[in-house]
Amino acid sequence: MSSVADRLREFRAAVGLTQREVASLCGLGKRTIIYWEMGEREIKCTKLVPLSEEYDLDFNWLILGRGNMFNETVEPQSESLEPDLESEEETYPEIPEPSPVVEEKQQWVDDSQPLQKEQEDVLPLIQRLRRN
């Protein structure tokens, strides 16, 4: 079974990165990557997150040796946005008619229930603001 260091080296070779490029992507020095790959230092997985994000590297593969090197991405199935050139008639999606604008009077205070003490204190203030 290969080690994390071996898998890191394998990943780097698969995508064609140098140790310096990996170090730069991870915000580390080249020497750190060298020591990691030689197994002389413990690999800090959190430092490899930029590699995972940039190259869609699967951490299960890198750390545990399980699965594939890269995350499997599923391509979304979408309808073609290009028009069908064989069709003689152009079709466009139906656009609904806009609904008429109805002005509604904004109600500042709920006057359907008796006023509570807080509302009684604030009501004159609101009325004064509405006049201005």
**Asked** How large is the charge dipole for region 4-64, taken about the Cα centre, if only the Cβ atoms of Lys, Arg (+1) and Asp, Glu (-1) carry charge, to the nearest 20 debye?
**Response** 300
**Request:** Using only Cα positions of region 4-64, each an equal point scatterer, no hydration layer, compute I(q)/I(0) via Debye at q = 0.19, 0.27, 0.29, 0.30 Å⁻¹ and quote the log10 values to two decimals.
**Result:** -0.59, -1.38, -1.65, -1.78
**Request:** Rank these for me by crowding, 32, 46, going from fewest to most other beta carbons within 10 Å.
**Result:** 46, 32
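Readers should treat all values here as calculations from the given coordinates under stated rules, not as data from a laboratory. Remember, predicted model here, so these are calculated numbers, not experimental data. Cβ coordinates were reconstructed from backbone atoms using ideal geometry, including for glycine residues, and neighbour counts include every protein chain displayed.
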